[in-house]
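Down below is the structure, laid out as structure tokens.
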Amino acid sequence: MKQFLLKYKFHHLLFWVLLFGAWHFFRYQDYPRDTGVWITLLKVVDLAVLVYVTNYLLIPQLLYKKRYWIFGTCFLLMIVASSILKLYLLGHLMHNPQTFYFTSNIKGRIYDNVLPHILLVCTGAAFKLINDQLNAQKKMVELVQEKSTAELNFLKSQINPHFVFNSLNAIHFLIHKENKEARETLIQFSDLLRYQLYDCNEASVPIEKEMNFLQDFVRLQQLRSDKDYEIVFSISPEIKDFSIAPLLLIPFVENAFKHISHHANNKNYVQISIERKNQFFEMIVKNSKDDHQPKTAPKGGIGLANVKRRLELLYPSKHQLEIHQTEQEYKVQLRIKLV
């Protein structure tokens with residue numbers, strides 16, 4: 001219930017209703033008869049519009065992007081334009097033509113309208129800035145905790161990696177030289193381990209390394225898949241010269257192979273498409289599915305819930321994850337803003 005109320009901002013509505021009631025209670029006697037409700041409503045709506053435009057448009061789009069002069073200019077122009085419009089509407093409500101004109105008694109107009117607007121809207125903006133700062137600090141703490149947990153899990157899984165690689169090298173030499181496919185498969189598996197153990201210690205990795213990792217993983221899956229599976233993996237040439245959080249994409253690919261269908265008469269497929277469209281990285285993963293068939297792998301791995309959480313922490317407001325599924329297909333589409 002609490003999440004529902006927060007999602008639809010009912011606490012905002014409650015605040016403005018209470019403000020309207022208090023404003024009307026203390027000021028209705030100052031207005032002509034039968035106009036107090038409408039005048040109060042006009043002033044509260046006017047203030048609410050100014051606050052929301054400032055907090056959800058000017059601050060994110062201008063102030064946070066360090067466009068200070070443009071922010072200040074737009075803010076003042078908005079306040080003045082709002083004051084003029086409000087006075088014009090008040091003049092109609094109060095049947096007082098002198099109120100129509102902002103230029104009459106301009107000093108009084110500025111003192112009674114512009115300055116209070118600036119003060120009240122700045123107060124609302126201050127709450128916005130404080131709230132955003134607290135949220136940023138909270139995300140930083142969560143990132144530190146996530147990193148600590150990941151490092152702990154990494155240390156637990158790092159069971160003498162040198163021994164593992166030495167063993168793989170020994171197995172490689174034991175495989176007959178004519179069995180080229182087995183040798184290459186073992187090398188690919190070694191590359192997968194090396195990437196997970198050594199290359200993923202940084203906050204971001206070159207996209208080329210992440211793509212090589214995905215390609216090796218898909219090749220290994222192709223070996224263990226049935227011959228009637230169709231596996232398509234396409235990477236556009238523009239996927240280069242930028243970095244991405246390591247191991248962010250593999251859960252979607254792993255999930256596709258884990259839940260692929262086992263149709264006898266229909267096509268079974270995994271389709272992976274990775275492109276760069278302007279300043280956006282886009283990945284689409286599709287697989288055929290059949291809820292009545294067993295999965296190709298046991299439960300395990302990184303769940304989608306954890307991936308969603310990583311995306312929220314690593315790319316806040318810079319990613320879009322859409323998951324669609326029908327009876328025949330499961331589709332994941334991920335977009336990440338690179339700049």
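The values are calculated or read from the model by the stated rules, or taken from the named source; none is laboratory data. All values reported here derive from a predicted model rather than from experimental measurement. Ideal geometry is used to build each Cβ from the backbone, glycine not excepted, and the neighbour counts take in all protein chains shown.
Does Ala264 meet the test of being of a type in the set (A, V, I, L, M) and surrounded by fewer than 18 Cβ atoms within 10 Å (Cβ to Cβ)?
Numbers: of a type in the set (A, V, I, L, M): yes; surrounded by fewer than 18 Cβ atoms within 10 Å (Cβ to Cβ): yes.
Judged against the criteria, Ala264 is a match.
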In the list Leu58, Leu42, which residue meets the criterion of being surrounded by 14 or more Cβ atoms within 10 Å (Cβ to Cβ), in the same structural domain as Phe20 (by TED's automatic domain parsing) and either hydroxyl-bearing (Ser, Thr, Tyr) or at pLDDT below 85 (or both)? Leu42
